[in-house]
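Okay, so here's the structure we're looking at.
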Amino acid sequence: MTSSSLFHHKIPSYDRRTFCIASSSLVASTMISSSSSITNAITPEQASKSYDTYASTYNNLDGGSMASSLGIDEARQDLLSKATGNVLEIGVGTGLNLNSYNYNNIKSLTLVDISNYHLYHHSYNCKPGMIEEAKLRINDIDTKDTSIKFVIADATSELTSLFGEETFDTVVDTFSLCVMGNEGAQQCLDQMTSVVKKKTGRILLIENTRSSNPVLGAYQDITASAAAQMGGKGCLYNQDVGKMIRETKELQLVKEEAFAGGVFRSFICQHV
């Protein structure tokens, strides 16, 4: 494995978060809110601080038995095995996706996160918690001859300026959009579209979404704001990601699959 690290110190981004309705419904129902649309779920500074606080236990939240029972692990493996060429993953977190790639088909893997940006920004002498976990994880994986790079950057505004237009064959995100809020998520989709190659490139997403089940969808709308603040680590779990994709200029939705009652969906998109 060839590994290099680039830490970019500008505007912070947002970490990814799988919000499991099964584990959060009780908490959410104690603080019902009528607001279902928030511009920013949590601020970038909050995301940077809070996610590194529980970096060492993050795998239990997003990659434990709950994730497996909801079909997340299977969806992750199925979707990310399709990544090829020069790959960009945003919101890498502790690296839960790293075992799902087929490294025989990947030339380079660029891993973007905001891990501990606030500490670097203020010149504190501290290691970035989430990215450190990801580095430990990838050291135990046979990545063949894939070049690995870690980058600290804002996925809502810096991808194009950092990497250039139409640079990547595949762009990956799992469970980041919900933490960015609706405005940030749309900006991130714009950035991902810009850096993936036209026609041949693909964007692979697994996201929290509003359920197509009317009862469950209505429940998500009622509880989304309170759940994000209490049990969801800032994640708005009722976003209409499909609609966001369709409203993103030059981005085409190729395939969409729902699982776990429609509260999670995978998407394959193309820059047209």
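The values are calculated or read from the model by the stated rules, or taken from the named source; none is laboratory data. Only a predicted model underlies this, so the values are computations on that prediction, with no experimental measurement involved. Please note: Cβ atoms are built from the backbone with ideal geometry, for glycine as well, and neighbour counts cover all protein chains shown. To get the accessible areas, we keep the full protein, side chains included, count just its heavy atoms, and leave off ligands, DNA and RNA. Shrake-Rupley method; radii C 1.70, N 1.55, O 1.52, S 1.80 Å.
Tabulated data for the structure shown
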| quantity | calculated |
| --- | --- |
| Flag if SER81 is within 20 Å of PHE175 (Cβ to Cβ) and either touching a Phe, Trp or Tyr at 6+ places or on another chain (Cβ under 8 Å) or modelled with pLDDT of 95 or more (or both) | yes |
| Residues within the range 163-181 that are over 22 Å from GLU257 (Cβ atoms), crowded, with 20+ Cβ neighbours inside 10 Å and of a type outside the set (A, V, I, L, M, F, W, C), tallied | 1 |
| Within the range 239-266, tally of residues that are in a loop (DSSP other than H, G, I, E, B) and in contact (Cβ under 8 Å) with a residue 60 or more places away in the chain | 4 |
| Residue in the range 259-272 that is touching a Gly at 6+ places or on another chain (Cβ under 6 Å), modelled with pLDDT of 95 or more, crowded, with 19+ Cβ neighbours inside 10 Å and not small (Gly, Ala, Ser) present | yes |
| Selection count where residues are touching a residue at least 60 places away in the same chain (Cβ under 8 Å) and crowded, with 17+ Cβ neighbours inside 10 Å, scope the range 136-156 | 11 |
| Complete set of residues in the range 70-98 that are open to solvent by less than 10 Å² (accessible area, probe 1.4 Å) and polar (S, T, N, Q) | THR94, ASN97 |
